[in-house]
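The values are calculated or read from the model by the stated rules, or taken from the named source; none is laboratory data. What you see is a predicted model, and the numbers here were worked out from it, not measured in a lab. Neighbour counts run over all protein chains shown; Cβ positions are idealised from the backbone, glycine included. For accessibility, only protein heavy atoms count, side chains too; no ligands or nucleic acids. Shrake-Rupley method; radii C 1.70, N 1.55, O 1.52, S 1.80 Å.
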Amino acid sequence: MSWLLALPILIPFLTAICAFFLRRTGWCRWASVIGSGVLLAVSLLLFATVLREGVVAAQMGGWPAPFGITLVADGLSAVMVVITAITALAVAVYASAEISERQVFLGYHALFQVLIAGVCGAFLTGDLFNLYVWFEVMLIASFGLLVLGGKKSQIDAGIRYVMMNLVSTVFFLTGVGFLYGMTGTLNMADLSLAVQQLENQSLLTVVAVMFMVAFGVKAALFPLFFWLPAAYHTPSFSVSAVFAGLLTKVGVYALMRAFTLIFVEDVAYTHQILLWVACLTMLTGVLGAAAQSDFRKILSFHIVSQIGYMILGLALYTPLALAGSVFYLVHHIIVKGNLFLISGVARRITGSTELSKMGGLYKSAPVLAFLFLIPAFSLAGFPPLSGFWAKFILIKAALEIEMWWAAGVALFVGLLTIYSMTKIWAQAFWEPHPEEIEPSLKSLSNFAQVALLLPIAGLALLTVVIGLNPEPFMDFATSAAGQLLDPSDYVQAVLGVTQGGTR
Amino acid sequence: MEFLLAITIGVMVAAAVYLMLARNVLRFIFGLILISNAANLAIFTAGRLTPGAPPLIKEGAYAPAEGVANALPQALVLTAIVIGFGLFAFALVLVYRAYTTLGTLYSDEMDAAEPKGPAQ
């Protein structure tokens, strides 16, 4: 049992070590692909275990909670690990054709696998300080990936990204310190009990806001999102895709964990802030995207606006809304990562990501056009794709508790998302290419065609499957939301049967 | 002692924020290093300052004797220092690289990723 929880962290680390030593050979990319495949198998096994047995926990090093470091997987953690593994596999396959030998030699695959290890660790840990450590593992790997290659724009983007994330780290660390000073524990399950007994609840709210800022930077919430559109369009496309899919979502996950498990004493205050922030995030993101004219920059701004939806679910704080958030997280990672991968193929065959310099893809590369339409429509929320259900649940949850304006904002933002997607469609796919060339997939080698398009098709298939058959996914999201709202299972799994008396 | 440390942390944070408001990226980094050390001190202080004995367990015993100091905050701070050291080493190299490739240390003038001027 404890091995199953530790493996999603250990496998990427081992793969990273292999990839580092194989980086001079052609085997490196295959090590990365195989490692991600094994990770997917293990994460599915973990997911099945969580479905069967409920929340599972393991104490590392044999120290009983709350003294040792706990790894714990509830529904949300388990599904996030699965989706991380899916993204890792898709990007590893894609990268085998995209990443140059030079970047492989510089350690692309090793950094990528360390990033995945950090993401899995953040999803699985049950200890706040340990979460900080996984954030840093993830961060240092992402720094390396972002500037790998050393283009001017990458260095510039790196500065913004690094600075903003280091500031968030300081906030996180200070918050952890204060919380420890107040409660004497850092185990999240133990914290959820300990904070109820605090006399000074207002100080707890102050700490809660510090965590909100720290995780808000990572999740790219309004007004702390500006590092994201400044950075995500500069690295190689597979790096963009994995960042877009996973990094901000770790911030969202941390917010969802902290503000359902620990900081629930003053919901009227903290979740009210989150509600405003969520709506402003949605609006600014989508308006920013409307002003852009670069394929990847539009997509980057859309990450920001989509994060708003997930936080909206958390802020509404009803079972249906949280289920909507979980559903949205899964849908978003698949769709957004896929769109970035597609932009990479489009760049390869048209030679640019600037929309005015693209064109003609519909006529000469209809397969790519079709593969773009699926995630683009899903992002905008067209039925019967996964994005429709995700938005539908959230808006229904908002209407249920009579938050008319929040529902209105969500609908309006969905409308503007269609605007951006049709802009990309019209300029990059529909109109003829400005230089009269006919960009075709045939310009790629056979291997590149398979390695680039297979992950895209796979992810597109996933969003269609979720869209056509949402019921099991929704049932699961509802049960995961139930576990979040009633943390007694989580607490019991971590601390054992002797609840409350352990401190 | 708590009072003294609280004042020290406050002064460090104030100085750090002043440095971080500068447009010069190098000053920003120095501010960041200072504020992260202030955060470390805050953890240390939050873990209570007690004149306890070293938390050593005598041979053959399972638990330390009464009245030992809490070692956990120091372990946390140590971890944070090590991680911070790695991150700042990277950040400093990045700033140096930015200076050599972009030719400036002022954040206003760094516009390679987001060129100024009207969108096309």
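I'd like the mean, over residues of B:78-84, of how many other protein chain beta carbons sit within 10 Å of each residue's own Cβ.
Averaged over the peptide's residues, the number is 4.
So how tilted is helix A:295-316 from the main axis of chain A? Cα-based, degrees 0 to 90, rounded to 10.
20 degrees
Let me see the P(r) profile for the range A:1-265: every Cα-Cα distance counted, bins of 5 Å, each bin given as a percent of all pairs.
For the range A:1-265, the binned pair fractions read 1, 6, 13, 17, 18, 16, 13, 9, 4, 2, 1, 0, 0 percent.
At a probe radius of 1.4 Å, what is the per-residue accessible area of A:K151, in Å² to the nearest 10?
Estimated to the nearest 10 Å², A:K151 gives 110 Å².
Evaluate E = 1/(1 + (r/R0)^6) for A:L485 and A:F412, where r is the Cβ-Cβ distance and R0 equals 22 Å; express this FRET efficiency to the nearest 0.05.
The pair A:L485/A:F412 has a calculated efficiency of 0.20.
Return the sequence-ordered ³J(HN,Hα) values of the range A:101-118 in whole Hz as given by the Karplus equation 6.51 cos²θ - 1.76 cosθ + 1.60 applied to θ = phi - 60°, using x for Gly and Pro.
Whole-Hz 3J(HN,Hα) from phi for the range A:101-118: 4, 4, 5, 4, 4, 6, x, 4, 5, 4, 4, 4, 5, 5, 4, 5, 4, x.
Each residue of the range B:51-57 in turn: what ³J(HN,Hα) in whole Hz from Karplus with 6.51, -1.76, 1.60 and θ = phi - 60°, glycine and Pro shown as x?
Calculated HN-Hα couplings, in order: x, x, 6, x, x, 10, 9 Hz.
Between A:E438 and A:L44, how many nm apart are label points set 7 Å from Cα along the C-beta direction?
About 4.1 nm separates the two model spin labels.
In this model, which of A:K297/A:K357; A:K218/A:K396; A:K336/A:K423; A:K357/A:K423; A:K297/A:K423 are farther than 21 Å apart at the alpha-carbon?
Result: A:K218/A:K396 exceed 21 Å.
Work out the length of the dipole vector of the range A:268-468 about its Cα centre, built from +1 on the beta-carbon of each Lys and Arg and -1 on the beta-carbon of each Asp and Glu, and round it to the nearest 20 debye.
In total the dipole reaches around 240 debye.
Rounded to the nearest Å, what's the spacing between the alpha carbon centres of the range A:1-55 and the range A:149-174? Just the number, please.
Using only Cα atoms to place each centre, the spacing works out to 28 Å.
To test your reading of the geometry: what angle, between 0 and 90 degrees and rounded to tens, separates the Cα axis of helix B:72-102 from the longest principal axis of chain B?
10 degrees
Given labels modelled 7 Å from the Cα in the Cβ direction, how far is it in nm from A:T205 to A:K151?
Going by the 7 Å Cα→Cβ label model, 4.7 nm.
Which whole number gives the average, over all residues in A:146-153, of C-beta atoms from other chains lying within 10 Å of the residue C-beta?
3
Roughly how tilted is helix A:446-468, in degrees to the nearest 10 and between 0 and 90, from the longest Cα axis of chain A?
Rounded to the nearest ten degrees, it is 50.
Give the calculated FRET efficiency between B:A75 and A:I17 to the nearest 0.05, with a Förster radius of 25 Å applied to their Cβ-Cβ distance.
Result of the calculation: an efficiency of 0.45.
In the range A:56-79, whose amide N lies under 15 Å from the spot 7 Å out along Cα-to-Cβ of B:Y62? List them in ranges.
It comes to A:63-64, nothing else.
Which one, A:L14, A:N338, A:H433, is farthest towards the positive end of the dipole of chain A when Lys and Arg carry +1 and Asp and Glu -1 on their Cβ?
A:H433
Write down the accessible area per residue of chain A in Å², having rolled a 1.4 Å probe over the full set of protein chains.
Ligands and nucleic acids excluded, the result is 33 Å² per residue.
Convex hull volume of the Cα atoms in the range A:268-468, per residue, in Å³?
Taking the convex hull of the Cα positions in the range A:268-468, it is 95 Å³ per residue.
How far, in nm, would the chain grow between A:V450 and A:K396 when pulled straight, counting 0.36 nm per residue and subtracting the alpha carbon separation?
Between A:V450 and A:K396, full extension yields an extra 15.4 nm.
Taking chain B as a Gaussian network, where each spring joins two C-alpha atoms under 10 Å apart, which residue of B:Y18, B:Y62, B:Y106 fluctuates the most?
B:Y62
Excluding A:G351 itself, calculate the net charge of residues whose Cβ lies under 9 Å from the Cβ of A:G351, where each Lys or Arg counts +1 and each Asp or Glu counts -1.
Around A:G351, the surrounding residues sum to +2.
What list of ³J(HN,Hα) values in whole Hz, one per residue of the range A:173-184 in order, does the Karplus curve 6.51 cos²θ - 1.76 cosθ + 1.60 (θ = phi - 60°) give from phi, with Gly and Pro shown as x?
4, 5, x, 4, x, 5, 4, 5, x, 7, 10, x
List the accessible area buried at the contact between A and B, summed over both sides and calculated with a 1.4 Å probe, in Å² to the nearest 100.
Protein heavy atoms only, the A-B interface buries about 3100 Å².
Which order do peptides A:421-428, B:92-99, A:57-64 fall in by mean Cβ count within 10 Å, highest first?
Going from most to least packed, we get A:421-428, B:92-99, A:57-64.
Which value, in Å² and to the nearest 10, is the accessible area of A:S343 when all protein chains are kept and the probe is 1.4 Å?
Result for A:S343: roughly 0 Å² accessible.
Run down the aspartates and glutamates and flag those whose C-alpha is under 14 Å from the C-alpha of A:K152, throwing out any fewer than 8 positions away in its chain.
Excluding near neighbours in sequence, the set is B:E109, B:D111, B:E114.
How many nm is it between the label spots at A:T422 and A:V267, if each spot is 7 Å from the Cα in line with the beta carbon?
So the two model labels end up 4.0 nm from each other.
Hey, could you grab the Kirkwood Rh for the protein assembly as shown? Inverse mean 1/r over distinct alpha carbon pairs, Å, one decimal.
Its Kirkwood hydrodynamic radius stands at 24.9 Å.
Determine the order of A:F172, A:F105, A:F67 by accessible area, beginning with the largest, at a probe radius of 1.4 Å.
A:F67, A:F105, A:F172
Search the structure for amide H atoms under 5 Å from the amide H of B:V68, placed 1.01 Å from N in the peptide plane, and list their residues when 5 or more places away or on another chain.
Hits under the 5 Å cutoff: B:A53.
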